[in-house]
1. Considering only residues that are closer than 17 Å to ARG174 by Cβ, of a type in the set (A, V, I, L, M, F, W, C), free of Cβ contacts under 8 Å to residues at least 40 places away in the same chain and assigned to a helix (DSSP H, G or I), which ones fall in region 184-229?
2. In region 343-364, how many are in a helix (DSSP H, G or I), in contact with a helix residue (DSSP H, G or I) (Cβ under 8 Å, 6 or more places away or on another chain) and either surrounded by fewer than 19 Cβ atoms within 10 Å (Cβ to Cβ) or outside the structural domain of GLY312 (by TED's automatic domain parsing) (or both)?
3. Any residue in region 253-272 that's of a type in the set (Ser, Thr, Tyr): show its pairings with residues that are exposed (fewer than 15 other Cβ atoms within 10 Å of the Cβ) at Cβ separation under 8 Å, as long as the two are six or more apart or on different chains.
4. Within region 281-297, how many residues are surrounded by 17 or more Cβ atoms within 10 Å (Cβ to Cβ) and out of contact with any Gly (no Cβ under 8 Å at 6 or more places or on another chain)?
5. For region 54-170, which strands (runs of 3 or more DSSP E) that fit wholly inside it have 3 or more residues that are touching a residue at least 60 places away in the same chain (Cβ under 8 Å)?
6. Among the residues of region 314-342, write down those that are under 34 Å from the mean Cα position of the chain (by Cα), loosely packed, with under 15 Cβ neighbours inside 10 Å and outside any helix (DSSP H, G or I).
7. Going through region 49-83 one residue at a time, which ones are of a type in the set (A, V, I, L, M) and touching a helix residue (DSSP H, G or I) at 6+ places or on another chain (Cβ under 8 Å)?
8. Mind counting the residues in region 179-212 that are of a type in the set (Phe, Trp, Tyr) and over 30 Å from PHE301 (Cα atoms)?
Amino acid sequence: MAETTPPSRTGVPVGIASTTLSDDPGCWPSVLTSSMRCEIVKKGPVQIMDIEFPQNLDNPPRRFTKDSYKRTMKNGENIHRSWLVYSIHTDGVFCFPCTVFGKRERDNALTTCGYGGWKNLSYRLKKHECTKVHCDNVKKWHDLQRRLQTSTLIDQRQMELMQLEVEHWKGVIRRVIAIVSHLAERNQALRGTTSTVYDRHNGNFLAQVELLAQFDPVMNEHIRRIQCKETKVHYLSGVIQNEIIQLVGDKILQEIARRVHKAKYFSVIMDCTPDISHKEQLSVVLRIVNCETPVSIAEHFLGFVHVEDTTGKGLSEILLDQLEKHNLSISDCRGQSYDNGSNMMGHKQGVQARILELNNKALCIPCSSHTLNLVVSDAAKSSAPNNFFA
């Protein structure tokens with residue numbers, strides 16, 4: 001039979017840990033980490049006084065009262081029990097320092113599920129606060145509280161060093177991304193024939209790192225660690241460079257898609273060309289009216305797409321796939337512009353005809369650059385000698 005969580009006296013299951021640390025000790029997890037203890041001690045015990053406490057099922061029924069937060073001495077003096085906390089979750093009371101710093105003993109309800117025997121509460125509290133375990137936990141509580149207030153924790157220096165290390169690596173990553181983006185913007189090669197720092201053939205990326213290290217303390221410290229072999233992780237390899245380029249490229253495409261969505265309507269410009277390996281590459285450009293002040297015309301390059309089917313049908317499917325990839329609708333297309341090839345401009349099977357079938361508002365205009373090339377070519381042929389183009 002599956003084990004079930006016993007209900008509390010208020011009908012709420014006991015032992016279910018809250019996802020966040022609340023002020024109610026009945027919601028704390030059974031095992032507290034050091035960070036949890038620090039957070040709880042910073043808040044301190046929260047003593048509830050301004051509610052109507054529920055009655056239990058005793059005969060006659062009894063309830064917790066706020067008078068239990070103080071102890072009356074034989075001489076009539078009242079001492080405040082700052083360590084006593086009432087839990088709404090379990091309708092019981094907890095010993096704050098023993099719950100936070102002590103062992104959760106099964107036979108001690110003050111540290112586990114909350115003590116709810118209101119008839120014997122006064123006797124139980126007097127007996128508990130006189131124990132050595134309770135006194136030791138109270139001392140630990142006040143000691144940690146003082147250290148937190150004065151920032152003199154034993155591991156405070158270790159935490160500061162850890163934070164400095166985190167900030168160092170954040171600074172290194174920011175600079176590496178900035179250098180990669182700077183070189184990629186200018187279409188410059190990143191790597192050379194070697195990948196060693198301070199080698200004259202190590203390429204533009206490492207050369208920029210070396211230059212930055214002369215003036216920037218973060219990169220200077222990073223290079224020092226590499227040279228002294230204090231770290232095996234340096235984020236300067238070609239793999240990291242490619243990964244950063246990919247991540248930055250993805251962010252750029254997301255920004256392009258955002259701007260196109262904001263502009264609503266767009267035009268498409270496409271052209272095919274073989275690369276050095278004789279594979280056909282399709283370039284896709286979107287032209288929009290940038291509605292942000294000042295208003296301007298903008299063209300955004302989505303990238304090269306390798307194509308195997310260069311027919312009108314194949315190119316149309318690639319265009320639609322690219323638009324769908326960026327969550328763009330062909331119904332918002334208001335213009336097309338291609339070269340004069342039949343697969344692009346064909347009136348029956350070309351890309352422009354297939355797109356017009358889907359959206360009759362996507363008017364097609366021949367690319368002026370290709371048209372200009374044909375005009376110049378025809379003019380050159382008519383004025384050149386007969387054997388010039390032979």
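The values are calculated or read from the model by the stated rules, or taken from the named source; none is laboratory data. Keep in mind that this is a model prediction, so the values were computed, not measured. We place every Cβ from the backbone using ideal geometry, glycine too, and count neighbours over all the protein chains shown.
1. PHE205, VAL209, LEU211, LEU212, ALA213, ILE223 - these are the residues of region 184-229 that are closer than 17 Å to ARG174 by Cβ, of a type in the set (A, V, I, L, M, F, W, C), free of Cβ contacts under 8 Å to residues at least 40 places away in the same chain and assigned to a helix (DSSP H, G or I).
2. 3
3. Partner pairs satisfying both residue conditions: TYR265/VAL289.
4. 3
5. On the way: elements: 70-72, 78-80, 84-87, 92-95.
Per the criteria, no element qualifies.
6. Residues satisfying the conditions are ASN327, SER329.
7. Matches in region 49-83: MET49 only.
8. Taking region 179-212 and keeping what is of a type in the set (Phe, Trp, Tyr), we get 198, 205.
Next, only the ones that are over 30 Å from PHE301 (Cα atoms) stay: 198.
Here the count works out to 1.
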